[in-house]
Amino acid sequence: SYRKGGYHAVRVGDQFAGGRYIAQRKLGWGQFSTVWLAYDTKTSTYVALKIQKSAAQFVQAALHEIEVLSAIADGTPSNLKFVVQLIDQFKHTGPNGQHQCMVLEFLGDSLLRLVKYNRYKGLPLNKVREICQCILIGLDYLHREHGIIHTDLKLENVLLVSTIDPAKDPVRSGVSPILERPEGNINGTVTSLIEKKLKRRARRAVAKISVQRASMGGMGEAPKPERNIDGINVRCKVVDFGNACWADKPFAEEIQTRQYRAPEVILQAGYSFSVDMWSFACIAFELATGDMLFTPKVGQGAKSKDFFDRHGDLKRIRRLKYWPLNKLLIERYKFSETDANEFSEFLTPLLDFAPEKRPTAQQCLQHPWLAGKDSIPNDMRTESSVEKVDVGISNLKIKVGK
Ligand code: ATP
Ligand code: MG
Ligand code: MG
């Protein structure tokens with residue numbers, strides 16, 4: 001894809017926007033872009049630089065993403081605590097064309113990485129709660145303040161915010177920015193050597209910080225960096241607004257990643273904010289168990305006729321035995337009965353086939369599973385997420401108690 005209309009090839013030390021941003025290392029990539037850690041020489045901080053492919057449709061998509069991100073950044077910093085912040089944008093011309101670039105605040109690992117670190121065992125429920133609260137406050141803000149549907153919520157699109165970040169705190173961590181392209185013939189070898197060196201430095205910095213943290217806590221324990229979920233601060237933010245849309249002008253019929261896709265989208269029956277709530281429930285289940293809630297496979301197969309009649313009903317099984325969510329949590333995932341019941345009471349209404357019956361993000365925040373077990377201080381929430389509390393609770397009780 002590094003050709004005309006495709007990605008822009010970046011090397012460590014490359015300069016952007018007239019020298020303001022300097023590329024440090026690659027953070028990731030997607031279908032539309034590559035994302036680099038960059039040093040912002042103007043503010044002396046690190047940022048994430050998203051460099052879009054250059055063909056017309058990608059430029060178009062980037063401009064849409066910028067439109068959404070700009071709308072979200074409405075001037076209230078507290079509103080940006082749970083959605084990614086756009087810092088700057090510019091165009092960059094390279095051998096493959098003109099690339100629209102976005103400068104985003106630099107965030108940490110995705111929730112998918114977090115689940116992987118934990119070897120797909122599922123995170124402790126208090127962590128799941130904290131993450132759920134962050135996502136819900138973010139969603140409530142998008143839905144009610146802006147009328148925006150994210151449409152692609154999944155573990156990859158929620159990134160952690162770390163409090164002690166070596167890259168954000170170069171003085172404390174000893175990581176220094178690279179300000180110019182390294183000397184010599186760069187054909188991959190030198191670059192990868194530098195990347196290795198950088199990685200080693202970053203690892204050492206992380207280890208140093210964990211030692212500091214361990215000694216601060218007085219635990220006297222050998223530090224267990226990275227893999228220890230308990231040591232990870234679980235504040236997180238919703239990212240990737242490339243597919244987001246305003247509810248009053250949806251532009252795609254087929255939205256969402258298949259595993260997180262709401263039934264009304266599959267049926268192409270129209271959709272609204274509640275599609276995000278469906279995906280949110282899938283995320284919450286996956287965080288708590290380490291397994292995807294739905295793993296859809298292709299429906300039509302050579303043997304389909306053996307199992308299904310022409311109405312799509314199972315041929316030989318007249319009555320399907322259902323496995324209620326709370327029983328599943330107890331029997332397969334070894335949840336305690338209380339945990340399982342509370343969690344499934346929270347999740348089940350979100351998985352209602354009727355979109356209009358699903359609780360809103362605002363209502364979820366008032367649910368007993370989250371309310372009272374508050375890990376996010378009130379002053380970090382958007383104002384709107386704490387108002388109208390009574391309405392939220394009474395609505396939800398009707399739904400849950402049915
Ligand atoms: P997609 O195909 O998922 O739409 P995309 O080209 O729109 O891809 P993103 O998903 O926005 O790109 O970003 C690609 C990857 O870059 C992410 O999965 C993540 O690993 C990393 N990334 C994106 N934004 C940030 C950020 N603000 N901070 C740190 N890493 C980021
Ligand atoms: Mg993505
Ligand atoms: Mg995208």
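Throughout, read-outs are computed from the coordinates displayed, never taken from laboratory work. Keep in mind that this is a model prediction, so the values were computed, not measured. Cβ: placed from backbone, ideal geometry, glycine included. Neighbour counts: every protein chain shown.
Modelled spin-label separation between Asp248 and Trp323, with each label point placed 7 Å from Cα along the Cα-to-Cβ direction: 4.5 nm. A DSSP coil position with no more than 16 other Cβ atoms inside 10 Å describes the following trypsin sites (Lys or Arg not before Pro) in the stretch 12-74: Lys42. Taking a ≥ b ≥ c as the square roots of the eigenvalues of the Cα gyration tensor, the stretch 232-309 is classed as oblate, since a/c reaches at least 1.5 and a/b does not exceed b/c. Karplus-derived 3J(HN,Hα) values for the stretch 144-150, using 6.51 cos²θ - 1.76 cosθ + 1.60 with θ = phi - 60°, are 8, 7, 10, x, 9, 9, 6 Hz; glycine and proline are entered as x. Taking amide H positions as modeled 1.01 Å from N, with prolines and chain starts lacking one, the residues under 5 Å from Asn233 and 5 or more places away or on another chain are Thr163.
Residue order for Glu130, Glu183, fewest other beta carbons within 10 angstrom first, comes to Glu183, Glu130. When the Cα gyration tensor is reduced to axis lengths a ≥ b ≥ c, the ratio a/c is 1.5 or higher for the stretch 14-126, and with a/b above b/c it is classed as prolate. Computed from backbone phi with θ = phi - 60° and the Karplus coefficients 6.51, -1.76 and 1.60, the 3J(HN,Hα) list for the stretch 312-325 is x, 8, 5, 6, 9, 9, 7, 10, 7, 8, 8, 10, x, 3 Hz; x is used for glycine and proline. Phi angles of the stretch 31-37 translate, via the Karplus equation with coefficients 6.51, -1.76, 1.60 and θ = phi - 60°, into HN-Hα couplings of 5, 10, 7, 10, 10, 10, 6 Hz per residue; Gly and Pro are given as x.
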